[in-house]
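Structure, as C-alpha cells:
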C-alpha cells in the first residue's frame with residue numbers, strides 16, 4: 001500500500017477520465033450549439049459547461065469522496081427499489097440503448113461517410129459493415145478491463161488530443177465566418193437552452209460509472225485509504241474537467257464561426273466535416289476522422305466495461321466476458337437505426353432522468369448539512385421526478401397544451417425546460433421539516449441493495 005500516488009499516475013488517470021467522457025455527443029453537440037446560439041454564444045456555452053463539465057466533475061467527486069463503491073449504494077438512501085431502478089436505467093441509457101450505439105453512428109457519419117458517395121434512402125449497407133468492424137474492435141479491447149488505463153490514458157488519449165488541437169487551434173486563429181443571430185430558444189433562453197444541451201452528452205449520468213473506474217484505477221496504484229482515494233480522485237477529476245472545458249469552448253466557437261447550412265445541421269457532424277475540409281481539404285477529413293474514431297473508441301470501451309461489470313454482479317450466472325460480448329452485439333444492432341433517430345429517441349429519456357442525477361449529486365455533497373436525513377433525499381427526489389417526467393413528456397412532443405400552459409404559469413422555469421429545480425428545493429425543505437423516522441444504518445441499506 002502506498003501513501004501517495006505519483007504525478008504521472010494522476011495525469012494518466014485524469015487523461016483516461018477525459019477520454020472516457022469525451023465521446024460521440026461531446027463532439028457533435030457543442031458545434032451545433034455554437035452555430036444556433038450565434039451572437040448569444042457566451043450565455044449558452046456557460047450553461048453547457050455547467051452540465052457538460054461541472055456536473056460530471058461533481059458526479060465523479062461524489063463517488064470519490066462519499067465512500068460508496070457503486071451508484072446503487074449512492075442512491076440507496078431514497079429506497080432500495082428506487083436505487084435499483086435508477087441504476088439499471090442509468091446503465092442502460094449510457095450503455096447499449098443510447099450512448100454506446102451513438103459512438104458507432106457518430107464515428108461513421110463524421111469519419112467515414114465524407115469519403116463515400118452520397119446515398120439515397122433505404123438501408124445503409126456501409127454503416128452496417130462499419131459498425132461490425134468498429135464494434136468488433138470495441139468488444140475485443142473491452143474483454144480485459146484491467147488494461148483500460150494503459151490503453152486509454154497512455155495511448156489513445158494523446159492521439160485524440162493532438163488531432164483535436166490541430167483542427168481547433170486552426171479554427172481559433174483563422175475562423176471561417178462571423179457568428180449569426182441566434183435562432184430558436186437561443187434567442188430568449190440562451191443560458192437555459194445551453195444548460196439542457198449539456199444533458200445530451202450524457203456525461204453527468206456517465207460520471208457515476210466512470211467515477212468507479214477512476215477509483216479502481218487509483219486502488220490498483222496502491223492507494224486504498226478513503227482520504228487518499230478522495231484526494232487522487234479530485235486531482236484526476238480536475239485534469240479531465242480542464243481538458244473537457246477547453247475542447248468544448250473550441251468546438252462551440254467552431255460552430256459559431258461556421259455558417260455552412262446555418263440552422264440546418266441537426267447533429268453538428270456536418271459543421272465539423274465542413275470546417276475541417278475548408279481548412280485542410282481532404283487531409284482535414286482524415287485528421288477529424290482519426291479524432292472521432294479515438295474519441296468514440298475510448299468512450300465505448302469504458303461504457304462496455306462498466307455495463308458488463310455491473311450486470312455481471314447482478315446476474316452471476318453470466319460472466320463479465322459474456323455480457324461484454326452481448327452488449328457489444330446489441331449496441332452494433334442499435335447503431336444501425338442512424339444518428340438522428342437515436343438523438344430524437346434519447347432526448348425525452350435524458351430530460352426525464354438527468355435532473356434526478358443532478359439532485360442526487362447535490363444531495364450527496366450537502367449530506368453533512370442535514371445529517372443524512374432520509375426524508376430530505378426522498379421528498380426532494382420525489383418532487384424532482386414528478387416534474388422531470390413532465391419535462392420529458394414535453395420534450396417528446398406530446399400535445400398537452402392545457403397542462404403545459406398551467407405549468408408555465410405556476411411552475412418557475414418550466415417554460416425553459418427546468419421545471420424541476422424549485423420543486424426539488426421545496427421537497428428538500430419539506431423533508432428537512434418533517435420529523436425523522438427511525439434511522440436505518442448505511443450497513444443495513446447496503447445489505448438490502450446488495
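The values are calculated or read from the model by the stated rules, or taken from the named source; none is laboratory data. The shown structure was predicted, so the numbers you read here are calculated from the model rather than taken from an experiment. Every residue, glycine as well, gets a Cβ built from its backbone with ideal geometry; the counts of neighbours run over all protein chains shown.
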query = What is the residue count in the range 240-271 for residues that are modelled with pLDDT of 85 or more and more than 22 Å from residue 190 (Cβ to Cβ)?
reply = 4
task = Answer with yes or no whether residue 303 is at pLDDT below 90, under 19 Å from residue 201 (Cβ atoms) and either out of contact with any strand residue (DSSP E or B) (no Cβ under 8 Å at 6 or more places or on another chain) or part of a helix (DSSP H, G or I) (or both).
result = no
query = Can residue 292 be described as buried (at least 24 other Cβ atoms within 10 Å of the Cβ) and over 27 Å from residue 9 (Cβ atoms)?
reply = yes
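For every residue, the table says whether it meets (1) outside any helix (DSSP H, G or I); (2) farther than 22 Å from residue 201 by Cβ.
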{"site": "318", "(1), (2)": "yes, yes"}
{"site": "321", "(1), (2)": "no, yes"}
{"site": "325", "(1), (2)": "no, yes"}
{"site": "329", "(1), (2)": "no, yes"}
{"site": "341", "(1), (2)": "no, no"}
{"site": "349", "(1), (2)": "no, no"}
request  = Among the residues of the range 169-184, write down those that are crowded, with 20+ Cβ neighbours inside 10 Å and either at pLDDT below 90 or farther than 17 Å from residue 39 by Cα (or both).
outcome  = 171
ask   = Only one of (1) over 26 Å from the mean Cα position of the chain (by Cα); (2) surrounded by 15 or more Cβ atoms within 10 Å (Cβ to Cβ); (3) assigned to a helix (DSSP H, G or I) fails for residue 227. Which number is that?
value = (2)
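Residue-wise test of (1) in a helix (DSSP H, G or I); (2) crowded, with 16+ Cβ neighbours inside 10 Å; (3) modelled with pLDDT of 85 or more.
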| residue | (1), (2), (3) |
| --- | --- |
| 377 | yes, yes, yes |
| 383 | yes, yes, yes |
| 386 | yes, no, yes |
| 398 | no, no, no |
| 412 | no, no, yes |
| 440 | no, no, no |
Test set (1) touching a residue at least 12 places away in the same chain (Cβ under 8 Å); (2) over 29 Å from residue 12 (Cα atoms); (3) surrounded by fewer than 21 Cβ atoms within 10 Å (Cβ to Cβ) - residue 77 fails condition number = (3)
ask   = Looking at the range 108-126, is at least one residue in a helix (DSSP H, G or I), closer than 30 Å to residue 431 by Cα and touching a residue at least 40 places away in the same chain (Cβ under 8 Å)?
value = no
query = Looking at 18, 48, 22, 41, which one is at negative phi and either over 16 Å from the mean Cα position of the chain (by Cα) or without any contact (Cβ under 8 Å) to a residue 12 or more places away in the chain (or both)?
reply = 41
request  = Go through the range 337-364 and count every residue that is surrounded by fewer than 18 Cβ atoms within 10 Å (Cβ to Cβ) and at pLDDT 90 or above.
outcome  = 1
ask   = In this structure, is residue 405 out of contact with any helix residue (DSSP H, G or I) (no Cβ under 6 Å at 6 or more places or on another chain) and either touching a residue at least 40 places away in the same chain (Cβ under 8 Å) or surrounded by fewer than 16 Cβ atoms within 10 Å (Cβ to Cβ) (or both)?
value = yes
ask   = If a residue has to be at pLDDT 85 or above and not in a helix (DSSP H, G or I) to count, how many in the range 127-168 make the cut?
value = 1
task = Count, please, the residues in the range 414-438 that happen to be surrounded by fewer than 17 Cβ atoms within 10 Å (Cβ to Cβ), part of a helix (DSSP H, G or I) and touching a residue at least 60 places away in the same chain (Cβ under 8 Å).
result = 1
